[in-house]
1. So what J values fall out for region 248-264 if you push phi through Karplus, 6.51 cos²θ - 1.76 cosθ + 1.60 with θ = phi - 60°, rounded to Hz, Gly and Pro as x?
2. Region 426-492: which GluC sites (Glu not before Pro) are DSSP loop and have at most 12 other beta-carbon atoms within 10 angstrom?
3. With θ set to phi - 60°, apply the Karplus curve 6.51 cos²θ - 1.76 cosθ + 1.60 along region 443-454 and write out the HN-Hα couplings as whole Hz, x wherever there is a Gly or Pro.
4. Relative to the longest principal Cα axis of the chain, at what angle does helix 295-307 sit, 0 to 90 degrees, rounded to 10?
5. So how far, in whole Å, is the C-alpha centre of region 78-144 from the one of region 493-546?
6. Rg (Å, one decimal) plus Dmax (Å, integer) for the alpha carbons of region 254-421?
7. What's the ranking of 266-275, 541-550 by average number of surrounding C-beta atoms within 10 Å, highest first?
8. Under the 0.36 nm per residue contour assumption, what length would be gained going from the current alpha-carbon distance of THR487 and ALA77 to full extension?
Amino acid sequence: MSSQTLADTPPQGRSWRRFKEGETAFKRWTEQIFVGDSSHKCPTYVHRTPPCQAGCPSGHDIRGWLQVVRGLEKPPARADGSPMPWQEYAFLKMVAANPFPAIMGRVCPAPCEDGCNRNQVDDFVGINAVEHMVGDWAIAHGLKLPEPPPLSGKKVAVVGGGPAGLAAAYHLRQKGHAATIFEAEETLGGWMRHGIPGYRTPRQVLDAEIGRILALDGIEAKTGVRIGRDIPLATLEAEYDAVFWGIGTQRGRGLPIEGWANTPNCISGVDFLRAFNQGRLKHVSRRIIVVGGGDTSIDVASVARRLGHITEVHEKDRPENVILGQTAHDVATSARRQGAEVVLTSLFPVEQMTAAEREVRDATHEGVSIRGGIMPLAVLHDGNGRARALRLCECTMDGTRPVPVAGTEFELEADLIVSAIGQGGDMEGLEELDNGKGFIDADRTYRVKGRDRHFVGGDVVRPHLLTTAVGHGRVAAQSIDGMLAGTPAGRRPKVDVHHFNLLALLRAQGRAPEPAPAEAVRGTNEATFAVHNFEDRAAKEIITHEGLFLGHFPDVERHRRDEMQVDEAAVIGHFDERLKALGDDAAIAEAKRCMSCGLCFECDNCVIFCPQDAVHRVRKAERAVGRYVETDYNRCVGCHICHDVCPTGYIQMGLGEE
């Protein structure tokens with residue numbers, strides 16, 4: 001019996017049985033077939049998408065690379081015949097969807113973990129932690145991206161060198177097309193470089209992952225070039241077969257309240273972080289209010305705490321003059337920095353803020369005061385026209401609309417007020433693409449509405465996560481490829497992610513099914529042209545915890561990454577990375593906590609518990625992921641026991657005959 005067998009006693013709060021004591025009615029009409037000791041039903045192996053994968057905006061095959069890490073799927077040999085380490089194979093599965101595993105493993109707020117079915121057992125699988133470990137291993141061992149196919153002769157202009165543009169260029173090249181990246185800044189990376197501080201996205205890690213993309217033959221980058229200013233839009237249309245817009249959102253939104261406009265020490269979070277990441281901002285004011293609640297506001301507040309303030313400030317050294325101008329602070333003044341008083345306010349209660357829970361916790365530990373459930377009302381000025389305080393009140397939320405609570409008004413004094421409530425695109429020179437709100441409209445295939453050869457992705461479509469921008473780039477690249485091939489873009493899959501493909505795996509192993517016969521065949525269990533009793537519903541269905549046998553899984557504590565905790569007193573000048581990668585053994589152990597929702601993980605339950613000895617392991621030479629067991633229909637009586645004890649929900653009962 002395998003290591004995934006049942007424990008001596010059921011785990012706390014869970015049962016060994018799918019059915020509650022005393023139940024006498026069938027929950028589904030399809031189960032009413034049980035009127036005797038057998039049925040005309042037999043096991044079918046049904047592949048569905050796990051919720052982690054369905055919830056990943058970049059479309060990672062998360063379950064797939066966790067199976068590699070845990071040792072369930074063995075790496076193939078390299079092209080030269082040498083053995084491939086499991087870390088390399090996991091990396092190759094990751095970059096099939098997302099070429100930034102080391103960065104995303106650090107900063108993605110991990111909606112995959114929020115949806116993980118393991119939350120119904122004990123705690124989610126540490127997906128980010130495993131991705132972080134594999135991503136770092138790949139950099140340390142100099143791994144390259146997969147060799148792309150020969151160039152097709154088609155050229156695509158990619159405008160914007162952030163996560164959307166870089167991902168689009170990478171996926172386009174993997175489909176055979178050349179890509180030229182045009183970036184207005186002097187360096188690539190977009191928000192990963194110019195927005196998120198380096199202690200969250202270490203620059204050597206970012207450079208390594210961008211460098212792998214640029215190393216692909218057929219991809220080039222032209223930095224310091226702004227489309228619409230240096231190169232007319234018409235030139236791109238004339239010289240390239242398609243255009244992808246991944247220009248991001250470079251303009252922050254001010255607070256829509258009285259007194260904000262034209263106040264010198266009221267700035268946006270976008271401008272604040274850009275000045276810091278460009279190395280110009282070395283210290284801030286003593287009292288700072290950051291209005292937001294998302295990840296950008298947390299970054300602003302945490303950076304402000306690290307920068308600190310100086311007591312003697314000349315006019316040119318005021319933070320707003322450095323942030324909004326092109327001047328820079330004198331590094332020598334940083335030696336005299338003291339702790340800044342930073343307050344972060346949010347319309348939503350703290351526990352409902354959109355910022356990652358870990359980032360909120362760390363910011364609080366580092367001395368940021370976070371106050372939820374309050375809304376700004378007006379900026380109050382001093383005699384020089386500068387902001388001296390922010391008037392606020394308590395509020396409740398009606399959906400996304402704040403409702404002020406009468407009689408709760410109060411003031412917070414401030415020397416600098418930062419708005420981190422949203423962003424918009426800088427559409428200067430590209431007004432014909434602007435939807436009127438600083439964004440570009442797109443259809444479901446990420447084609448720009450009304451422009452057949454233009455596609456778009458990332459924040460300029462809808463501000464969201466870095467991994468969302470990567471996903472947009474991947475889907476847009478597929479759409480561009482179809483357009484270049486003359487194939488109209490069809491409807492996208494309902495579950496639009498990078499799926500496990502059993503047929504592709506069998507082909508890679510030299511075991512593809514034979515061509516189907518021309519005549520109709522009744523029954524295929526002995527046929528070599530069909531994949532025996534397998535059905536792939538992954539593009540249409542997500543398997544939830546109700547479809548699993550949770551009693552199979554014992555409680556196993558999550559393997560957590562070490563985090564460098566920075567005390568409030570030591571935060572000034574502390575820009576070292578906080579997260580430490582898991583070791584190989586810890587990553588393997590964490591991957592083994594994955595419940596492989598919707599796909600067999602070879603636990604042997606169906607083999608052991610079948611009372612008719614109808615379920616057997618596939619011969620070892622013929623096994624593959626998802627092809628571990630088979631059913632002898634001459635023995636099967638349709639009793640459903642294999643279905644009941646399948647932990648992953650892979651076995652479903654369907655009408656059939658031998």
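Values in this text are rule-based calculations from the coordinates and carry no lab data. Nothing here was measured: the structure is a model prediction, and the numbers come from that model. All Cβ positions, even for glycine, are placed from backbone atoms using ideal geometry, and neighbour counts span all protein chains on display.
1. For region 248-264, the Karplus-derived couplings read x, 10, 9, 10, x, 8, x, 6, x, 9, 4, x, 6, 4, 6, 8, x Hz, x marking Gly and Pro.
2. Values: sites: GLU428, GLU431, GLU432; in loops: GLU428.
Filter output for region 426-492: GLU428.
3. 8, 5, 8, 6, 7, 5, 4, x, 9, 5, 9, 10
4. For helix 295-307, the angle is close to 50 degrees.
5. Comparing the Cα centres of region 78-144 and region 493-546, I get a distance of 26 Å.
6. Here Rg and the maximum Cα pair distance are 15.4, 49 Å.
7. Working: 266-275: 23.7, 541-550: 18.9.
Top to bottom by mean Cβ count within 10 Å: 266-275, 541-550.
8. Numbers: separation 410, 0.36 × 410 = 147.60 nm, distance 3.52 nm.
Going from the current span to full extension adds 144.1 nm.
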